[in-house]
Amino acid sequence: NITPDGPEAWGQGVINDILVTGGINLTHEPIPAIGWPDMTMDMAVKEGVSLDGLEPGSAIRFGLGKGPDGMFRIEAIEPLNGGKS
């Protein structure tokens, strides 16, 4: 479920919470490709991207792309280090 050209930027972080809205709250490292510093934020997750096996404390690598509203959202996600930070 990645856009045809793939995500615009990749980041790494740790999940703090899985949101009832289907998104996640995460603390991520800087993402130079889009000019983001390290921060903690809620992120929308594209429909169809599985969060199976992920939980608070999971270390992840994630791909970001812009949705129809122009806001970044997670378009790909995978665990790092066996999933634990």
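The values are calculated or read from the model by the stated rules, or taken from the named source; none is laboratory data. Keep in mind the model is a prediction, meaning the values are calculated, not measured. Note: ideal-geometry Cβ built from the backbone for every residue, glycine included; neighbour counts use all protein chains shown. Protein only, heavy atoms only, side chains kept; ligands, DNA and RNA dropped before computing areas. Shrake-Rupley method; radii C 1.70, N 1.55, O 1.52, S 1.80 Å.
Listed by first and then second residue, the pairs with beta-carbon distance under 9 Å, at least 6 apart or on different chains, first residue in the range 59-73 and without any contact (Cβ under 8 Å) to a residue 24 or more places away in the chain, second among the small types (G, A, S) and open to solvent by 10 Å² or more (accessible area, probe 1.4 Å), are G67/A44.
Any residue that is part of a strand (DSSP E or B), open to solvent by less than 50 Å² (accessible area, probe 1.4 Å) and in contact (Cβ under 8 Å) with a residue 40 or more places away in the chain - is there at least one of those in the range 19-32? Looking through the range 19-32, at least one residue is part of a strand (DSSP E or B), open to solvent by less than 50 Å² (accessible area, probe 1.4 Å) and in contact (Cβ under 8 Å) with a residue 40 or more places away in the chain.
Under the condition of being under 15 Å from V14 (Cα atoms) and either open to solvent by 60 Å² or more (accessible area, probe 1.4 Å) or assigned to a loop (DSSP other than H, G, I, E, B) (or both), which residue from the range 68-85 is modelled with the lowest pLDDT?
Out of the qualifying residues, it is S85.
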